[in-house]
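A.B. asks: Take a look at the following structure, please.
Nothing in this text is a laboratory measurement; each read-out follows from the coordinates by a stated rule. These numbers come from a predicted model, not from an experiment. For neighbour counting, all protein chains shown are included, and Cβ atoms are generated from backbone atoms with ideal geometry for every residue, glycine included.
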Amino acid sequence: MEYSIQELSRLSGVTTRTLRWYDQIGLLKPSRVAESGYRYYGGAEVDRLQDILYYRALGVELAQIKECLDDPSFDRLAALRNHLTALEAERERLEQLIRSVKDTIGAEERNETMSDEQKFEAFKRRTVAHNEEVYGAEIRAKYGDQEVDEANAAVMGLTQAQYQEWTDLGREIQERLEAAVQAGLSPEAQEGKEITALHRRWLTITGNRYDPARHRGIAELYVMDERFTAYYDKQVPGCARFLRDAVAHWVK
């Protein structure tokens, strides 16, 4: 099946102006250009556009999408599975947010006032429930029910200040990973060492005893399990591997 640029625009919902821009930057080339100058797209181009839209939905920049799709080792099936995992995680986050808003609306309608402690406890419960739903089976299989239950209890036991520090650390780690990967830094460089130290702090802020072997095992899981990989790579592909390699190098 071959589509003109107008037909592909109608099919995909992407404007012809955007399709022309994708052509100019080499992100999506037409299969052929007629003597009249009209662009035409085949099945391979439709698949590539679909991949582009999936990545854009996850907030990935165009330059990064091009680099990923042009990589000879690009595995479309694996990428689609990662997209699905990331989208399911985002759906769960939105569903939890919807439930929280509904609870707040209900409290307002009943003229009830939710205390700051109640609001904070709800956030912690949603964090634990989300982690259990998305990652629970793999973590429990690797570390056992007792350790996971203790970790969940530790999260629930965090003070508001500790919980804020924990979530802020998580964001800082993600931001620094993305910056390091984009800059082409080595996990064995100073930035890799500092990110590893931040990750150690993130693991132990809940009161868990630090175990270097466990630290390395968790980092390895980020690469072995596509759901963890999708989480860390949702904006910049390669972050999960950078973290794994940094931990493997700096944690002995």
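A.B. asks: From the set of residues in the range 184-218 that are touching a residue at least 60 places away in the same chain (Cβ under 8 Å) and not acidic (Asp, Glu), which is surrounded by the fewest Cβ atoms within 10 Å (Cβ to Cβ)?
C.D. replies: Ranking the qualifying residues of the range 184-218, first place goes to GLY217.
A.B. asks: So, in the range 165-195, of the ones that are outside any helix (DSSP H, G or I) and of a type outside the set (A, V, I, L, M, F, W, C), which residue ends up farthest from the chain's Cα centre (by Cα)?
C.D. replies: The qualifying residue farthest from the chain's Cα centre (by Cα) is GLU188.
A.B. asks: Can you tell which of LEU87, LEU62 is closer than 16 Å to GLY26 by Cα and surrounded by 14 or more Cβ atoms within 10 Å (Cβ to Cβ)?
C.D. replies: LEU62
A.B. asks: Further question: Spot the failing condition for GLY106; the list is (1) surrounded by 12 or more Cβ atoms within 10 Å (Cβ to Cβ); (2) assigned to a helix (DSSP H, G or I), and only one is missed.
C.D. replies: (1)
A.B. asks: If you go through the range 7-25 one residue at a time, how many are surrounded by 13 or more Cβ atoms within 10 Å (Cβ to Cβ) and more than 19 Å from GLY42 (Cβ to Cβ)?
C.D. replies: Residues meeting the conditions: 1.
A.B. asks: Would you point out which residue out of LEU158, LEU177, LEU221 is more than 29 Å from ARG81 (Cα to Cα) and buried (at least 18 other Cβ atoms within 10 Å of the Cβ)?
C.D. replies: LEU158 is the lone residue from the list that is more than 29 Å from ARG81 (Cα to Cα) and buried (at least 18 other Cβ atoms within 10 Å of the Cβ).
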